[in-house]
Structures are given as C-alpha cells and as structure tokens.
1. Is one or more of the residues making up region C:26-45 surrounded by fewer than 18 Cβ atoms within 10 Å (Cβ to Cβ), on the phi > 0 side of the Ramachandran plot and part of a loop (DSSP other than H, G, I, E, B)?
2. Take the residues of region C:49-64 that are open to solvent by 60 Å² or more (accessible area, probe 1.4 Å) and either facing chain B (nearest Cβ under 9 Å) or charged (D, E, K, R) (or both): which is farthest from C:GLU132 (Cα to Cα)?
3. All but one of (1) modelled with pLDDT of 80 or more; (2) open to solvent by less than 40 Å² (accessible area, probe 1.4 Å) hold for B:SER176; which doesn't?
4. Do we have B:ASN42 as within 11 Å of chain C (Cβ to nearest Cβ), outside any helix (DSSP H, G or I), out of contact with any strand residue (DSSP E or B) (no Cβ under 6 Å at 6 or more places or on another chain) and open to solvent by 40 Å² or more (accessible area, probe 1.4 Å) here?
5. Among the listed residues B:LEU284, B:LEU239, which satisfies the condition of being in a helix (DSSP H, G or I) and buried (at least 16 other Cβ atoms within 10 Å of the Cβ)?
6. Going by the conditions given, is B:PHE226 within 14 Å of chain C (Cβ to nearest Cβ) and either part of a helix (DSSP H, G or I) or open to solvent by 10 Å² or more (accessible area, probe 1.4 Å) (or both)?
7. Looking only at residues in region B:135-160 that are facing chain C (nearest Cβ under 9 Å) and open to solvent by less than 30 Å² (accessible area, probe 1.4 Å), which one is nearest to B:GLY251 (Cα to Cα)?
8. Looking at region C:125-174 only, could you name the residues that are at pLDDT 80 or above, open to solvent by 80 Å² or more (accessible area, probe 1.4 Å) and in a loop (DSSP other than H, G, I, E, B)?
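The values are calculated or read from the model by the stated rules, or taken from the named source; none is laboratory data. It should be emphasised that the depicted structure is a prediction, and the values quoted were computed from it without experimental measurement. Counting neighbours? That spans all protein chains shown, and the Cβs are built from the backbone with ideal geometry, glycine included. Surface areas here come from the heavy atoms of the whole protein model, side chains and all, with no ligands, DNA or RNA. Shrake-Rupley method; radii C 1.70, N 1.55, O 1.52, S 1.80 Å.
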Amino acid sequence: MLSIIRTMWSVFLHTFHRRVTIQYPEQKAYLAPRYRGRIILSRDPDGGERCVACHLCAIACPVDCIALQATEDENERRYPEFFRINFSRCIFCGYCEDACPTYAIQLTPDFEMSEYNRQNLVYEKEDLLIDGPGKYPGYNYWRVSGVSIGGKGKGEAENELPPVELRRLTP
Amino acid sequence: MTSPYPFASIFGILIVALSLSAALIWVERRLLALWQDRYGPNRAGPFGLLQVLADMIKIFAKEDWIPPFADKAVFVIAPAIIMVTVLLSFAVLPIAPGIIVADLNIGLLFFLGMSSLGVYSIVLAGWSSGNKYSLLGGLRAAAQMMSYEVFMGMSLMGVVLLAGSFNLTTIVEAQSKLWFVIPQFLGFILFLIAGVAEARRLPFDLPEAEAELVAGFHSEYSGMKFGMFFVGEYLGITLISAMIAVLFFGGWMGPWLPPIVWFFIKVFAFLCFFILLRASLPRLRFDQLMSLGWKVMFPLALANLVVTGAIVTVFK
Amino acid sequence: MTMFLQSAFYVAAVIAIISTAMAITRTVAVHALLYLVVSLLAIGVVFYAMGAPLLAALEVIIYAGAIVVLFLFVVMMLNLGGEARQSERQWLSGKSWVGPIILSAILLAEVIYLIVRAQPAGGIGAMVGPREVGLALYGPYLIGVELASMLLLGAVVGASHLGRSAPGRTGAGT
C-alpha cells in the first residue's frame, strides 16, 4: 500500500521535470556529420558522372533497393543508362557506399523524405545526381583508373596522366 | 422533487457530461504525457485542443464493420447499453442547488443499479463478438464487476448511515459541517478502489487488457460503436469522480466560489487522480484482483459498515 | 402524477409479460437472458409505480444487475453452439407445450379469481420508503430475516469449502 502511494508520488513529481521531447520540425536534433541518410550520385571534378555502372552497389544492397542498367558512351566508357533507388525500401545501411569503387554513390545527412504517394519515393538518376564531387573533392576516377577507351590507349585520353611504368623502379 | 427548469437541466447536464468526457481524451493524453516527460497532442489547434475534434472526425469516418461471425442484434445493442446506463446515472447527480434532473429519494441506489446494469454492455459485447479474446474479456468483466459491486455498495452504506438518507442532495447537505471523507475515510478508500474497478480503468482494466487479450471485449468493434465504448468509459470516470465529490467531499460545498465551480473543481481533481493512477500503476493479475476484492476489500467494507452503525447508534 | 404512474404501471406490466414470454421461447440462451433482464427491469418499474422505490432499486441491483449476470456468466462459460440451438428448438415444439399450458391456465384462473374478488388495498403511488422496509424487516419479519441469513451463511461457507483448491495443487487462488 505504501509502495503504491510512493510510486504515485514519484510519478506525480514528474510534473515538474523537463520534457525530453524534441519539437521536431521547429527544433532539430543534432545530426553527426557522417550520419547516413538519403543516397546521392556524385560527379567528378570535370562534371562527368562518376558511376561506371559496375553493379557492385546493387549487389551489396541487403534490401535490393538499387536497380541500374549499364551502357557505354562513344568513348567506350561505361555509365548507367538508368539508375533507380527505391527509398521506400532503403534502410540507409551505407553498404553501397562501401562497395562503390569510384566514390560515385554517397550517403548524405538528409533524411526528411516524407511523401504522400509511395511512388514518389522511387528516385531516378536525375533525382539522385548532384552537381559536385561530394565527400571526395579531388578524385577523378577516369584519370587514375588506367582503363583504355575506344581509339586511345592507356594515358592517351584527354587530361589523362601517362601510366606508371611498373617494370622500372626509377620514376 | 425535480428542479425548477427540468429541460434546461437535462440538456445542460447532457451536453456538459458529453463534452467533458470528449475533452477528457485530450486531458488524459496530455496528462499522461506530462507524467512521462513528453508533450502529448499539441499540434491541432492551441495546445492541441482540436485533437478532440480530429479524433471525432476520424472515428465517424471509420468503417463501421460487423463481423460475420458476430451475433448481430446483441452486437449492436451492447455499446448502446453502456451509454444509456451511464447517462441515466447522471440524472440523479446534484451538481449545484437546483441543478439536478431527478432528485430521487433513492438516488444512491439508482446509481448503484445503473452501474450494475452497465456490466451487461461489456459482457454482451464480449459474447456477441464471437471471438475468443472478446469472450475472455467479457467473462473477466462479469466476474470483476460482480465482485467489486458488492463492496462498492457496502462502502457507501456508512455514508448513508451518517446522512440518514439515500437522497444525494440530502447527503450533500449533511456534509455542510464536515465532509464525509474524514469520518468515512476507509469507506472513501474502498469506494475509490471499487470505482476504478467499475470504470474498468487501470490498474483494473482486466476486461480489455490489450497486452494479453488484444483489446478484450471491444476487439471486434470499429467506427462509432467503438467510439461509444470509448466515450462510455470516459463518462464512467466522470461519473465516478462526481460521485466521490458528492458522497465524500461535500459536492458543491465550498467557500467564496459559486457552488457549481466548486463541484467542477472537485470532479476535475478526481479525474486527474484517475489519470495519475493510470500513469503510475501496473495492471493486476486476475486472481490477485479477485482475491483482493473478496478477501481484503469485502471484509473491510463490512467492518466499516458495522463500526459506523455501532457509533451512529451509540451517539444518537 | 398518479395518472402518469398508473399508465407507467400498465405499460411496464405489459412489457414484463411480453418479455417473459420471449425469454421462454428463445432458442439462443443469451437472447433469453436478455429478455429476462428486460422483464426484471419492467417489474422494477412496476414496483416503483406501486410506490415501492426501494424495492424497485433492489430489483434492479440484485436481480437484473447481479443474478442474471451470473446466469450469463455460466452460459458464456458453457459456450453453447448450434447443437444446443437445435435441441432447444426440438423442446419448444408440439406436445411439450401441453403440460405447462394447462398448469399456467390454472394459475391464471386463480389470479383472475383473486383480482375480481379482492378489494383494491391502498392506492397506487403511496410511498414505501427505505425506513418502512427496514422497520418491517427487523420488526414483524425478524425471524424470517434471521433464518434467511443463516441459510445464506451456510451457503457461503459451503461454497468457499467447495471452491478452495486442494492441497498441493497450484494455480487458481492465492
């Protein structure tokens, strides 16, 4: 009986406690800079798409929310014909970012993606592509990849450095 | 026998009771949130007051579905019974001098009778749903209400002895010198516990016990029929609070303020107390509930009655 | 007021008779109990109209509110299905009516005879309050009350003896 009254009294004292609720839309919670939220596709410093449509992200994805189709441009460089992420399935795990060999796919701290229509959560490549290089400002995959393209050997393409001579030790 | 303005009283009490119990939805959620360090509904309108309206619109717009395995006639009647019995009980409630629908000379017994008829609503709802969880809820309700009604009536007999009447107005007037909560403190505690059990509130909400019985007797109910159970429950709490105020805390009596204000202050204080009970206490197990009722509360109520009777006889 | 009470009396009496007949002829046990409750409530109104408000309240509290709830409790526990309904239907047909009809016809004749012969004692609306009932119970009817209370005490002791759990068995009751 006494314990019941003590319980009720201690609950009543919570009247004067600070409330822990964060009034969300007006008052934002702290988000770590490396928080994993909405997925974007970044571009290299020259403005080209970084994605080479290797499908590694689609394979790494545990919920199969990424779908893409590879194709090649006139220089025999691979790029995605379409790149589709279904954000109603995405769990923001970041495995796609880990899997990506070209730093193309990156996760941002944005998570406010509410929609009335579920279909609006399926993002196409135009929705995903951003104008900048994201977290890796200087990196340009095609300059360091050592992949030959149509008509030109390694290191002969525009703005591409010559390949490192592997058999000679001196530079 | 009745008030000078019967129709004004009837509609006034009806409107106040219904709107008060609707507003209780908001009050309860806000208070529970307050005691759990949250805010509760605070978006719709100022302080979230329009939440009541939003809930009403939602509940009216819901599909009103009768399951094919239900006993249709009884299924439809059941939620109406609780509304009727609780609203009828408000008729004998003296709110202020002159503001009462029917000043019956057996007002207290009328209240007890109506609260005992209210059980049918729960039991029949549980049975007619044709669902095993609902049936269990109905069975629990029957056993619980039966046991708690006995000492609920018993605990009030002390008040009746002191006031010398079953008439609620007379009972209130008999408290002009001393509120009955002091000479009848045990009776007050017993009636409080029985009242919580009669209103099927936590910690005695065994009939609906959403953790084990899904939602007990109203598992199969939807739409406005569910809404009637919901409002009926809140009306029940309001009624029990008002009864406690009338029987033990001197009804409308109080200094300075007008009587009706005092009455509502007392009722609101007990409503908050009921919500505090819900916020702080866990649900009892069913066998604990029954043995508490029959082995602790019932003998205490009997002893209270006998001692009060002896004292009244000696000092008269 | 008297006119009002008189008409209330007749309406309630008719409702009581009809609902009792319905209670007898229902095949679903719960429906029958519901009609029984209506019948008891109507009898409560009859008592009130006759000027016995205490009796009316007790009728509602004890009979409608407690005893029929117990009946309902048991019926729900038994969980009667379609088979029970079939057998009920069988009992309610044909020759099984003859005996009860003859007996109740005799009763009806007696009641009519008594009503026709008896002088109306006391008008409708003469109040019998709680005080009068209490004085009657503990005055002229004291022995009857005491005997009934002893019987009930015996019943309570017997029930608690039957209901206690056997030693060594756990579960119900603590």
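1. Within region C:26-45 (the criterion being surrounded by fewer than 18 Cβ atoms within 10 Å (Cβ to Cβ), on the phi > 0 side of the Ramachandran plot and part of a loop (DSSP other than H, G, I, E, B)), the answer is no, since none of the residues qualifies.
2. Here the residue is C:ILE62.
3. The one condition B:SER176 does not meet is (2).
4. In short, no.
5. Unique residue meeting the criteria: B:LEU239.
6. Values: within 14 Å of chain C (Cβ to nearest Cβ): no; either part of a helix (DSSP H, G or I) or open to solvent by 10 Å² or more (accessible area, probe 1.4 Å) (or both): yes.
Spelling it out, it is not the case that B:PHE226 is within 14 Å of chain C (Cβ to nearest Cβ) and either part of a helix (DSSP H, G or I) or open to solvent by 10 Å² or more (accessible area, probe 1.4 Å) (or both).
7. Of the residues in region B:135-160, the ones facing chain C (nearest Cβ under 9 Å) are B:135, B:138-139, B:142-143, B:145-146, B:149-150, B:153, B:160.
Retained after the next criterion (residues that are open to solvent by less than 30 Å² (accessible area, probe 1.4 Å)): B:138-139, B:142-143, B:145, B:149, B:153, B:160.
Details: B:GLY138: 34, B:LEU139: 35, B:ALA142: 31, B:ALA143: 31, B:MET145: 26, B:GLU149: 22, B:GLY153: 19, B:VAL160: 15 Å.
Here the answer is B:VAL160.
8. Listed by number, the residues that qualify are C:TYR138, C:PRO140, C:TYR141.
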